[in-house]
Amino acid sequence: MGFGDYVSTNTERDVAVKERQVTEWEVTNRRRCQEQALLDRYRDLGMNIDDATTVVNIFAKYEDIMVDEKMVQNGILSPDDGEKPWKKGLITFGAFLVFGSAPILAFIILIPFTRNDTHKFIGACILSALALAALGAAKAKIAGQNYALSVSGTLFNGALAGFAAYVIGWVLRDVAGLED
């Protein structure tokens with residue numbers, strides 16, 4: 001999971017670098033067209049023609065600023081604005097390690113107390129729900145969201161993913177011809 005996040009973030013940054021090169025070329029070689037596109041965008045946002053023209057004329061004096069503005073207009077962050085790929089990968093790996101260990105941890109904790117697999121499964125579900133609730137609360141705190149909505153949304157998504165994994169495992173067990 002962490003390596004996947006690293007590769008994904010790295011790819012996003014590579015795409016942003018390539019897009020910046022293309023945008024720089026367009027601003028250099030098709031300046032009038034790019035200025036008109038910015039003018040149209042500002043007019044669509046509600047600026048009157050005089051103000052929009054003034055803003056575009058100012059941006060036209062500064063090529064780097066005009067390139068940045070075109071990148072934002074196209075919905076692409078500057079390659080320098082993104083997070084570091086290794087950092088995102090490490091955070092994802094750590095979160096997966098901590099929160100993803102809840103189901104197996106329940107089985108390990110319950111070994112001395114019961115041999116009943118149903119009890120262990122219920123314990124894994126409860127510990128997983130607690131881990132998901134903690135993850136939802138952390139998300140709410142970081143993003144400044146409503147705690148109840150964040151926790152319930154995270155629990156719902158986790159329950160849906162867990163149910164899907166359980167069904168897929170059940171089907172594959174039958175396909176593989178494994179017995180209980």
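Here are some notes:
- Residues of segment 169-180 satisfying the condition of being open to solvent by 100 Å² or more (accessible area, probe 1.4 Å) and part of a helix (DSSP H, G or I): TRP170, LEU172, VAL175
- The set of residues in segment 40-58 being part of a helix (DSSP H, G or I), within 35 Å of the chain's Cα centre (by Cα) and not β-branched (Val, Ile, Thr) consists of ASP40, ARG41, TYR42, ARG43, ASP44, ALA52.
- Looking only at segment 131-160, and only at residues there that are exposed (fewer than 12 other Cβ atoms within 10 Å of the Cβ) and outside any loop (DSSP other than H, G, I, E, B), the one that is farthest from the chain's Cα centre (by Cα): ALA148
- Residue tally, condition outside any helix (DSSP H, G or I) and closer than 24 Å to LEU97 by Cα, over segment 1-37: 1
- Tally of residues being among the β-branched types (Val, Ile, Thr) and exposed (fewer than 12 other Cβ atoms within 10 Å of the Cβ) across segment 29-53: 1
- Residue in segment 5-28 that is most open to solvent (accessible area, probe 1.4 Å), counting only those that are within 16 Å of ASN74 (Cβ to Cβ) and among the β-branched types (Val, Ile, Thr): VAL15
- Residue within segment 137-151 that is in contact with a Gly (Cβ under 7 Å, 6 or more places away or on another chain) and at pLDDT 90 or above present: yes
- Looking at segment 59-130, the helices (runs of 4 or more DSSP H) lying wholly inside it that each contain 3 or more residues that are open to solvent by 40 Å² or more (accessible area, probe 1.4 Å) and farther than 19 Å from MET1 by Cβ sit at 63-73, 102-110.
The values are calculated or read from the model by the stated rules, or taken from the named source; none is laboratory data. Only a predicted model underlies this, so the values are computations on that prediction, with no experimental measurement involved. Note that each Cβ is placed from the backbone with ideal geometry, even for glycine, and that neighbours are counted across all protein chains shown. Side chains are part of the model used for accessible areas, which takes the heavy atoms of the whole protein and leaves out ligands, DNA and RNA. Shrake-Rupley method; radii C 1.70, N 1.55, O 1.52, S 1.80 Å.
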